[in-house]
Amino acid sequence: MTKRQHGVVVTHIEHLDQLADCLSRGEHDTVKVVTKFGIDGGWNAENRSRLLRMVPHVIVRTSFGDPSFRQPDADFRFPFANQVIGELQEWYDIRHDIMFEIGNEPNIDAPDDDFIFDYQAHLALAIQKCRDNFQEAKLISPALILDPDKRFERFNELCADAFRSCHFIGLHFYEHFGFQKAQQPATTDHLRRAIRLAQQFYGDKKWYVTEYGINDEVRVSKEEKGRRYAGMAYYGESDPALPDNVVGLTYYHLNVNSNMHRQYHIFPEGDMVFGDRVRANPPRDLAA
């Protein structure tokens, strides 16, 4: 196999040259985008086409199935199959070897069992329709928030069969300061929970980390975040180390002119440090 995929989640750029700069500095080979936002003026045929040719690996996430995406004209809480197909078709029309992530953090509001059952039903149908319509695409299950009060274990208990029908299991995790115990005067424990849960329910599957990041912006600089991200992604510098069935990661996020979650924006300094580590010490290939 080739080395683990790595890249960035795009949430706000003015133009694609900014993304190209980020990718070049960081030696990134992967981009994750969201259908309903991310670039000034919105995604259109021209900028979709250019983005899909910028890197070997592209993840497109739906907005339907993301309860945090609240708009007055539609209910985005569930991954309604027809709406999911409508969001993804125009991307697939340009490029077939693509990854589609269906939904996002559906447990953000600590849902009850009724919501989880409804979500599971819509997700299962959306996955089947995607497999029928996008036969060359790879599907990633929606990742869950790992905070104990968000019912992430119950969500997996009820949705595991639907999640398992995707090619990859999506994971998110964040830390306050870093992913090694020596870097953790305080810890979210997200990484340890994510791996424990994924091994419990999906130990035989491939996993894809579609969001990760370090929260602190006082004690941990952009440069140091880039160094720690590379260490965790490629050099086993986390507790526990990422297993080989983690096929890729995208850090959160590239956001150049917005106040949304500024603490996670490491471009350009952090990407350069990340890339410097990769250039100096090329990552090993994953086990087959």
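The values are calculated or read from the model by the stated rules, or taken from the named source; none is laboratory data. Here the structure is a predicted model, which is why all the values come from computation and not from measurement. Neighbour counts are summed over all protein chains in view; Cβ atoms, including those assigned to glycine, are modelled from backbone coordinates with ideal geometry. What goes into the accessible areas is simple: the full protein's heavy atoms, side chains included, and nothing from ligands, DNA or RNA. Shrake-Rupley method; radii C 1.70, N 1.55, O 1.52, S 1.80 Å.
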Relative to the Cα centre, what is the charge dipole magnitude of segment 108-152, using +1 at the beta carbon of each Lys and Arg, -1 at the beta carbon of each Asp and Glu, and rounding to the nearest 20 debye?
-> 320
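What does the accessible area per residue of segment 110-231 come to in Å², with a 1.4 Å probe and no ligands, DNA or RNA counted?
On the way: 5190 Å² over 122 residues.
Value returned for segment 110-231: 43 Å² of accessible area per residue.
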Of the candidates TYR251, VAL278, SER221, the farthest towards the positive dipole end of the chain (Lys/Arg Cβ +1, Asp/Glu Cβ -1, centred on the Cα centre) is VAL278
How much net charge surrounds TYR92 when only other residues with a Cβ under 11 Å from its Cβ are counted (Lys, Arg +1; Asp, Glu -1)?
-> -3
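Test of understanding: what is the full-extension gain from GLN200 to ALA110, defined as 0.36 nm times their sequence separation minus their Cα-Cα distance? Write out the running numbers ahead of the final one.
Details: separation 90, 0.36 × 90 = 32.40 nm, distance 2.10 nm.
Working it through step by step, the gained length comes to 30.3 nm.
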Fully extended contour minus Cα-Cα distance, from ARG70 to GLN135, at 0.36 nm per residue | 20.4 nm
Would you calculate a helix-derived [θ] at 222 nm for the chain, using -39,500 (n - 2.57) for each DSSP H run of n ≥ 4 and dividing by the full residue count, to the nearest 500?
-> -11000 deg cm²/dmol
Under a 1.4 Å probe, what is the accessible area of segment 7-104 per residue, stated in Å²?
-> 38
Residue span ASP147 to ASP93: 0.36 nm per residue of separation minus Cα-Cα distance leaves a gain in nm of 15.7 nm
Inverting the mean 1/r over all pairs of different Cα atoms, compute the Kirkwood radius of segment 117-167 and quote it in Å.
-> 11.7
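Taking the DSSP beta bridges in segment 1-156 as the whole, what percent of them are antiparallel, to the nearest 5? Spell out each step's value before the answer.
Values: 2 of 17 bridges.
Within segment 1-156, antiparallel bridges account for around 10 percent of the total.
Going down the list LYS32/LYS181; LYS3/LYS150; LYS36/LYS150; LYS3/LYS205; LYS32/LYS138, which pairs span over 23 Å between their C-alpha atoms?
Numbers: LYS32/LYS181 29 Å; LYS3/LYS150 33 Å; LYS36/LYS150 25 Å; LYS3/LYS205 18 Å; LYS32/LYS138 13 Å.
Going by Cα-Cα distance, LYS32/LYS181; LYS3/LYS150; LYS36/LYS150 fall outside the 23 Å limit.
Could you work out what % of the accessible surface of segment 1-150 is carbon and sulfur, using a 1.4 angstrom probe and leaving DNA, RNA and ligands out of the count?
Details: 2820 of 6200 Å².
About 45 percent, which is the carbon plus sulfur part of the accessible surface.
Once you charge only the Cβ atoms, +1 for Lys and Arg and -1 for Asp and Glu, what is the size of the charge dipole of the chain about its Cα centre, to the nearest 20 debye? Can you show the working numbers first?
On the way: 34 positive and 43 negative charges, 150 e Å.
That gives a dipole near 720 debye.
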Leaving ligands, DNA and RNA out of it, report the carbon-plus-sulfur percent of the accessible area of segment 163-202 at a 1.4 Å probe.
-> 53
What part of the accessible area of segment 204-288, given as a whole %, is carbon or sulfur when the probe is 1.4 angstrom?
-> 49
Calculating volume of the Cα convex hull per residue in Å³ from this structure picks out, from [x] 144; [y] 124; [z] 136, entry [y]
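Please give the charge dipole size of segment 1-67, origin at the Cα centre, charges +1 on K and R Cβ atoms and -1 on D and E Cβ atoms. Round to the nearest 20 debye.
Working: 9 positive and 8 negative charges, 65 e Å.
Rounded to the nearest 20 debye, it is 320 debye.
Quick check of the Kirkwood formula: for segment 158-288, what is the inverse mean of 1/r over all pairs of different Cα atoms, in Å? Walk me through the numbers before you get to the answer.
Numbers: mean 1/r = 0.0647 Å⁻¹.
Hydrodynamic radius (Kirkwood, Cα pairs) of segment 158-288 is 15.5 Å.
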Cα centroids of segment 237-288 and segment 72-100: how far apart, whole angstrom?
-> 26
